[in-house]
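Engineer: Before I ask anything, let me first share the structure, which is written out below as structure tokens.
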Amino acid sequence: MTDPQPSVVQVTAERTYDVVIGSHLLGELPRLLGTGVRKVLIVHTEALEASATAVREDLLAEGYEALLAVIPDAEGAKSVDVVAFCWQILGQSDFTRSDAIVSIGGGATTDVAGFVAATWLRGITVVHIPTTLLAMVDAAVGGKTGINTAEGKNLVGAFHSPGGVLCDLAALETLPRWDFVAGLAEIIKTGFIADPAILDLVEANAAALQAWPAADEHLWSVVRELVERSVAVKARVVSEDLKEASLREILNYGHTLAHAIEQVERYSWRHGAAVAVGMVFAAELARLAGRLDDEVVDRHRSILTSVGLPVTYRGDRWEQLLAVMRRDKKSRGDLLRFVVLEDLAKPARLEGPDPTLLAAAYAEISADAPTSRAVAL
Ligand SMILES: NC(=O)c1ccc[n+]([C@@H]2O[C@H](COP(=O)([O-])OP(=O)(O)OC[C@H]3O[C@@H](n4cnc5c(N)ncnc54)[C@H](O)[C@@H]3O)[C@@H](O)[C@H]2O)c1
Ligand SMILES: O=C(O)C(=O)C[C@@H](O)[C@H](O)[C@H](O)COP(=O)(O)O
Ligand SMILES: [Zn+2]
């Protein structure tokens with residue numbers, strides 16, 4: 001990958017911060033940390049040890065005190081025990097309100113590190129360095145932080161905007177193919193809810209995207225454009241509605257069923273794979289409610305399949321999924337609420353759908369045999 005000039009997307013939510021997109025961006029970190037920071041806790045998983053060590057050395061050279069906190073991989077990190085572990089390090093190292101956290105990793109790492117930052121001394125600075133496609137385009141941007149409980153996904157969390165986000169595309173060179181493909185699900189989501197040019201770009205490059213890592217410069221430029229477009233949408237939405245009073249719910253397209261699948265599968269599915277199935281379910285729901293044309297529903301299946309994402313789920317799990325979906329954060333009392341589409345880039349809400357409609361939509365995505373969580377592997 002060549003090293004073109006970084007681009008910057010600004011978010012204004014609680015404060016104004018930069019999402020910097022480019023490669024080899026470590027030099028930007030002190031600026032994003034802001035003035036007055038002396039100590040930095042770098043939160044990462046074992047898989048990102050080399051990057052975390054490089055960041056630590058850079059920070060030490062800049063005169064910071066820098067410590068490492070190694071947390072479990074993937075969803076295993078999003079627990080209260082891991083949060084308590086980080087709080088203990090911060091406490092024992094005398095972190096004050098002028099100190100900061102840096103997260104390096106995928107969305108699970110940025111979610112938990114963001115939550116630690118939101119809660120330590122009621123809120124300290126956090127800068128995210130996302131290293132998966134999904135975290136670059138979604139998780140690290142927008143200030144939604146959270147952990148899981150035994151009862152469900154992301155049930156505990158806080159809105160806490162970062163001081164900045166460094167999307168270093170070079171990190172994607174080592175990202176396994178399946179994790180890259182999982183990230184495409186949130187990009188495709190963004191295409192459906194707000195920016196259909198994203199769908200055209202994915203469709204035109206589907207085979208090469210599915211065959212990650214990138215074989216040529218052209219694909220890098222496609223990936224960069226997909227990241228820039230997705231971040232621009234997320235920045236616009238969260239700048240208008242940080243705390244999800246209304247507009248921000250559109251970013252939850254496909255997530256009502258997706259989170260239930262993740263929980264039922266005990267988090268053995270990647271989030272992006274579950275979101276892919278959840279979007280087809282939401283599209284079927286809208287079609288059966290007479291609000292979405294067949295053509296757009298078909299496009300969900302064709303684009304997701306073209307990059308190797310799943311579009312079905314096992315038919316024998318409906319009752320279990322329905323029970324979990326009732327705890328979705330968009331629910332109000334007994335009322336289930338879904339983000340649906342009325343057309344491309346025309347999101348709407350479907351509130352309290354009839355149980356027979358829900359079951360009929362589920363029948364449209366049901367498979368007899370258990371769906372593979374990783375169609376693209
Ligand atoms: N807060 C938000 O707005 C938001 C948005 C979307 C998703 N999320 C959350 O993000 C999480 C999913 O994020 P994810 O898909 O990044 O998964 P993840 O964080 O579990 O990372 C996936 C895997 O990739 C590995 N990895 C990360 N970077 C790598 C690299 N550069 N090279 C090699 N391996 C690498 C990790 O070790 C892990 O095994 C879910 O918990 C989801 O709920 C949050
Ligand atoms: O940023 C948001 O808002 C989103 O909903 C983005 C989602 O992709 C993300 O998975 C988010 O964590 C889901 O939030 P939740 O409130 O449904 O837990
Ligand atoms: Zn998501």
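The values are calculated or read from the model by the stated rules, or taken from the named source; none is laboratory data. These figures come from a predicted structure and were not determined experimentally. Because the Cβ atoms are built from the backbone with ideal geometry, glycine has one as well, and the counts that use them run over all protein chains shown. For accessibility, only protein heavy atoms count, side chains too; no ligands or nucleic acids. Shrake-Rupley method; radii C 1.70, N 1.55, O 1.52, S 1.80 Å.
Engineer: From the phi angles alone, apply the Karplus equation (6.51, -1.76, 1.60; θ = phi - 60°) to the range 133-142 and give each ³J(HN,Hα) in whole Hz, x where the residue is Gly or Pro.
Structural biologist: Ordered by residue, 3J(HN,Hα) equals 4, 4, 5, 5, 8, 9, 4, 7, 9, x Hz.
Engineer: Let me ask another. Working from Cα positions, state the angle (0 to 90°, nearest 10) between the long axis of helix 177-193 and the longest principal axis of the chain.
Structural biologist: 70 degrees
Engineer: Here's another thing I want to ask about it. Within 15 Å, Cβ to Cβ, of Glu65, how many net charges do the neighbouring residues add up to if Lys/Arg are +1 and Asp/Glu are -1? If you can, show how the numbers build up before the last one.
Structural biologist: Details: positive: Arg38, Lys39, Arg56; negative: Glu57, Asp58, Glu62, Asp94, Asp99.
Value of the local net charge: -2.
Engineer: I would also like to ask the following. Quote the charge dipole size of the range 259-357 about the Cα centre in Debye, to the nearest 20; the model charges only the Cβ of Lys and Arg (+1) and of Asp and Glu (-1).
Structural biologist: 440 debye
Engineer: Set the bar at 21 Å for Cα to Cα. Now go through Lys234/Lys330; Lys39/Lys144; Lys39/Lys78; Lys39/Lys234 and name every pair that lies beyond it. Mind dumping the intermediate values first?
Structural biologist: Values: Lys234/Lys330 18 Å; Lys39/Lys144 24 Å; Lys39/Lys78 24 Å; Lys39/Lys234 30 Å.
Flagged as over cut-off: Lys39/Lys144; Lys39/Lys78; Lys39/Lys234.
Engineer: If Tyr253, Tyr267 are ordered by their accessible area, calculated over protein heavy atoms with a 1.4 Å probe, which sequence runs from highest to lowest? Mind dumping the intermediate values first?
Structural biologist: Values: Tyr253 0, Tyr267 60 Å².
Order by accessible area, largest first: Tyr267, Tyr253.
Engineer: Let me ask you something else. If the chain between Thr2 and Asp298 were fully stretched, how many nm would it gain, using 0.36 nm times the residue separation less the Cα-Cα distance? Write down the numbers at each step before the final one.
Structural biologist: Working: separation 296, 0.36 × 296 = 106.56 nm, distance 3.67 nm.
Fully extending the segment from Thr2 to Asp298 adds 102.9 nm.
Engineer: Could you work out how much longer the chain between Glu217 and Arg236 gets when fully extended? Use 0.36 nm per residue separation minus the Cα distance between them, nm to one decimal. The partial results should precede the final answer.
Structural biologist: Working: separation 19, 0.36 × 19 = 6.84 nm, distance 2.87 nm.
Length gained, Glu217 through Arg236: 4.0 nm.
Engineer: Using 1/(1 + (r/R0)^6) with R0 = 56 angstrom and r between the beta carbons of Asp58 and Ala360, what's the FRET efficiency to the nearest 0.05? Before the final figure, lay out the partial values.
Structural biologist: Details: r = 55 Å, r/R0 = 0.99.
That pair, Asp58 with Ala360, gives E of 0.50.
Engineer: Might you work out the accessible area of His218 for me, using a 1.4 Å probe with all protein chains in place, and round it to the nearest 10 Å²?
Structural biologist: Ignoring ligands and nucleic acids, His218 comes out at about 110 Å².
Engineer: On a full-extension model of 0.36 nm per residue, what is the gain between Arg177 and Asp368, subtracting their alpha-carbon distance, rounded to one decimal in nm?
Structural biologist: On the way: separation 191, 0.36 × 191 = 68.76 nm, distance 2.68 nm.
Extra length available between Arg177 and Asp368 comes to 66.1 nm.
Engineer: Is the range 236-312 best put as rounded, prolate or oblate by its Cα gyration tensor, with a ≥ b ≥ c the root eigenvalues, rounded for a/c under 1.5, and otherwise prolate when a/b is larger than b/c, oblate when not? Provide the component values of the computation, followed by the final result.
Structural biologist: On the way: a/c = 1.78, a/b = 1.12, b/c = 1.59.
Here the range 236-312 falls in the oblate category.
Engineer: Hey, what D do you get for the chain in µm²/s if you plug the Kirkwood alpha-carbon radius into Stokes-Einstein at 10 °C and 1.306 mPa s? Present the calculation step by step, with values, prior to reporting the outcome.
Structural biologist: Values: Rh = 20.8 Å.
Taking Rh from Cα pairs, D becomes 76 µm²/s.
Engineer: Does the range 1-50 come out rounded, prolate or oblate, given a ≥ b ≥ c as the square roots of the eigenvalues of its C-alpha gyration tensor, rounded meaning a/c under 1.5 and, failing that, prolate meaning a/b above b/c? Before the final figure, lay out the partial values.
Structural biologist: On the way: a/c = 1.77, a/b = 1.01, b/c = 1.75.
Verdict is oblate for the range 1-50.
Engineer: Find the accessible area per residue for the range 283-373; the probe is 1.4 Å, ligands and nucleic acids are left out, and the unit is Å². Mind dumping the intermediate values first?
Structural biologist: Details: 4410 Å² over 91 residues.
The answer is 48 Å² per residue.
Engineer: With a 1.4 Å probe and every protein chain left in place, tell me how much accessible area Arg287 has, in Å² to the nearest 10.
Structural biologist: Solvent-accessible area, nearest 10 Å²: 70 Å².
Engineer: I've got another one for you. If you take every residue apart from Ala359 with its C-beta less than 14 Å away from the C-beta of Ala359, what net charge results, scoring Lys and Arg +1 and Asp and Glu -1? Please list the in-between numbers first.
Structural biologist: On the way: positive: Arg317; negative: Glu284, Asp316, Glu319, Asp354, Glu364.
Once positives and negatives cancel, what remains is -4.
Engineer: What does the charge count near Val275 come to, summing +1 for each Lys or Arg and -1 for each Asp or Glu among other residues with Cβ under 11 Å from its Cβ?
Structural biologist: Details: positive: Lys189, Arg270; negative: Asp138, Glu186, Glu262.
The answer is -1.
Engineer: If you don't mind, there's one more thing I want to ask. What's the angle, to the nearest 10 degrees (0 to 90), between helix 355-365's Cα axis and the longest principal axis of the chain?
Structural biologist: So the helix axis and the longest Cα principal axis differ by about 80 degrees.
Engineer: May I pose another question? What's the carbon and sulfur percent of the chain's accessible surface, probe 1.4 angstrom, rounded to a whole number?
Structural biologist: Working: 7330 of 14720 Å².
Here carbon and sulfur together make up 50 percent of the probe-accessible area.
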